[in-house]
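Written below as structure tokens is the structure these notes are about.
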Amino acid sequence: MFGAVNPHASDNFIYENYPTVEKYTVNPYQVYSYKTMLKDASELARMYPDLIRLSFIGKSVENRDLLLLEVGKGKNKIFVCGTHHAREYIATTYLMYAIDRYAYAYRTSSEWSGYDVRDILDKVTFCIVPMVNPDGVNLVQNGLYSSLHADETKKMRLVDDEKYGYTSWKANVHGVDVNWNYDKDWTIERNKNERGLDGFNGDYPNSEPETAAVSAYVDRVPFDVFLSFHTQGQVVYWSDSKSKPLNIQDAVKEDIDFTLQWDNGIGYGGSFFDYVYRKFDKPTLTFELCPYVGNYPYPNEDFDTVWSPAKNILLVVGKQLIDNK
């Protein structure tokens, strides 16, 4: 499955100076770690230097670099992020696998599931932060004493300890839910538990370096659409632009059989969705990728059930943006 293949002969004149591509770089059937993500990202950038560019938008609490992959060549820009919540790291797996598959299709063929990948990626750039909360992911995958803040984290609230342990953790290592820490309606009354695995939105907006880094990045780059990936429930929460509707949610619904749920961006407050939709008035969608399984990571070996219904999402959104520009 991971053997090298050559591009189509008709494309050799375009890609003759580029590395021979491998069909699959990302192995999704594993505990997908921060280190694995960085390794795969570096390899993808090496294989597709014309298409994929790597950089970082900031650092986490424990000084991990927050990876950014720019995928595509177009002036139309779509922001994509995943894994605000630590136990939902399969969203990172999904995004990295999508990059891998789309890049391979771009190099070897113009079509993917009826979508012209080359046309889309020539006109759109996906700016992807695949793992917003790497410290939390490390805690979930490797346990309490893998954290630099183990003594502090041990004092924080943890429910169902015997059943789930730290595999149920959603927050960062400060015990803050970074998806509730954005500076938009953060003061709306909501469930403000003490620091722990979930439910605490911080001492003030953008208190966490992860949230502050994402906010600063989206503030300085003009994006057309915002996408955020979570698990679980196979639901799409959406709001269209009031000033220039793109009806992206309808195109998504035609391609994937997820439940659509309208969100006006005035929810609990402090979420990434609240922040970007209400600040920029651009189409914003949050995807809950997986069937519901409970308070623990979605089984890695069941990745096909995540990928199969959702494999076209980025291409659907990209095509809809191009068609409505």
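Within region 122-158, the set of residues being open to solvent by less than 10 Å² (accessible area, probe 1.4 Å), under 22 Å from E88 (Cβ atoms) and touching a strand residue (DSSP E or B) at 6+ places or on another chain (Cβ under 6 Å) comprises F126, C127, I128, V129, P130, V132. Scanning region 291-325 for residues that are of a type outside the set (S, T, N, Q), more than 18 Å from Q232 (Cα to Cα) and in contact (Cβ under 8 Å) with a residue 40 or more places away in the chain turns up L314, L315, V316, V317, G318, K319, L321, I322, K325. For region 73-115, filtering for residues that are free of Cβ contacts under 8 Å to residues at least 60 places away in the same chain and assigned to a strand (DSSP E or B) leaves 1. Kindly evaluate S271 against the criterion of being at pLDDT 95 or above, among the hydroxyl-bearing types (S, T, Y) and closer than 30 Å to G143 by Cα. No.
Just checking, does region 42-49 include any residue being touching a residue at least 60 places away in the same chain (Cβ under 8 Å) and open to solvent by 10 Å² or more (accessible area, probe 1.4 Å)? So far as region 42-49 goes, no, none of its residues is touching a residue at least 60 places away in the same chain (Cβ under 8 Å) and open to solvent by 10 Å² or more (accessible area, probe 1.4 Å). Scanning region 168-186 for residues that are open to solvent by less than 10 Å² (accessible area, probe 1.4 Å) and touching a residue at least 40 places away in the same chain (Cβ under 8 Å) yields a total of 9. Taken together, the criteria place N172 among residues that are modelled with pLDDT of 95 or more and assigned to a loop (DSSP other than H, G, I, E, B). Where helices (runs of 4 or more DSSP H) sit wholly within region 204-282, those with at least 3 residues that are open to solvent by 40 Å² or more (accessible area, probe 1.4 Å) and more than 19 Å from M131 (Cβ to Cβ) occupy 248-255, 272-280.
The values are calculated or read from the model by the stated rules, or taken from the named source; none is laboratory data. As the structure is a prediction and not an experimental result, all values here were calculated from the model. All Cβ positions, glycine included, derive from the backbone under ideal geometry; neighbour counts span all protein chains shown. Heavy atoms of the whole protein, side chains included, go into the accessibility calculation; ligands, DNA and RNA do not. Shrake-Rupley method; radii C 1.70, N 1.55, O 1.52, S 1.80 Å.
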